[in-house]
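Everything below concerns the one structure shown next.
The values are calculated or read from the model by the stated rules, or taken from the named source; none is laboratory data. Keep in mind that what you see is a predicted model, and the values were worked out from it rather than measured. Here the Cβ is made from the backbone with ideal geometry for all residues, glycine too, and neighbour counts use every protein chain on show.
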Amino acid sequence: MANKTRKGSVQEKPEMDSKLDHVLEAITNMQKESMEHFIKIEGKFSIMENNFGKMQEEIREIKQDLTLLKVMEKKVNNMEGQLVNLTESHKDMEQKQQDMDATMSKIWDQVALLELRQKENMLRFRGVIIEGEENITQLMMTQLAKYLDVDEEVMAEDISKE
């Protein structure tokens, strides 16, 4: 049993050193790989941060655009309402104009009839002598009926129609 060595003896140390060196080398490699991986992740995180900042800026711009769009939409809605009101007002005015034109036409017709009636009553013939309370209209109707060879009643009806 002389070959047996105790733990921690000098003979075990070279084996232990090589194992320790191997473990240290593995740990160092793992550290390097972890560091490289960390640097890659940090780069990606930095890119993501930049992209996130850009997206936030774009979102702010979109919000501003939406605010402007809402204002413009309100203005368009107001303009559409005004257009509807103006269209209705225009239709009302056209209807009133048509009514007014019809009324004016009737008034002009009535004025023309009144003028005819006035002229009929104001007609004077030169040389016809009015004696007392003679009815000039009747006298003229009788004379015209004889001249035109028409019955006096027919002449009276024709004159009263107009």
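Quick check: is even one residue across the stretch 13-32 modelled with pLDDT under 90, outside any helix (DSSP H, G or I), among the polar types (S, T, N, Q) and more than 60 Å from the chain's Cα centre (by Cα)?
Within the stretch 13-32, not a single residue is modelled with pLDDT under 90, outside any helix (DSSP H, G or I), among the polar types (S, T, N, Q) and more than 60 Å from the chain's Cα centre (by Cα).
Inspect all residues belonging to the stretch 42-54 and state whether any of them is under 37 Å from the mean Cα position of the chain (by Cα), in a helix (DSSP H, G or I) and modelled with pLDDT under 95. Spell out the reasoning first.
In the first step, residues of the stretch 42-54 are kept if they are under 37 Å from the mean Cα position of the chain (by Cα); the result is 54.
Then drop every residue that is not in a helix (DSSP H, G or I), which leaves 54.
Now drop any that are not modelled with pLDDT under 95, which leaves 54.
Scanning the stretch 42-54, I find at least one residue that is under 37 Å from the mean Cα position of the chain (by Cα), in a helix (DSSP H, G or I) and modelled with pLDDT under 95, so the answer is yes.
Taking the residues in the stretch 112-139 that are at pLDDT below 60 and in a helix (DSSP H, G or I) as candidates, determine which candidate is surrounded by the most Cβ atoms within 10 Å (Cβ to Cβ). Give the steps one after another, and end with the answer.
Going residue by residue through the stretch 112-139, those that are at pLDDT below 60 are 121-127.
Still in the running and in a helix (DSSP H, G or I): 121-122.
Details: Asn121: 9, Met122: 7.
Step by step, filter the stretch 112-139, then rank; the result is Asn121.
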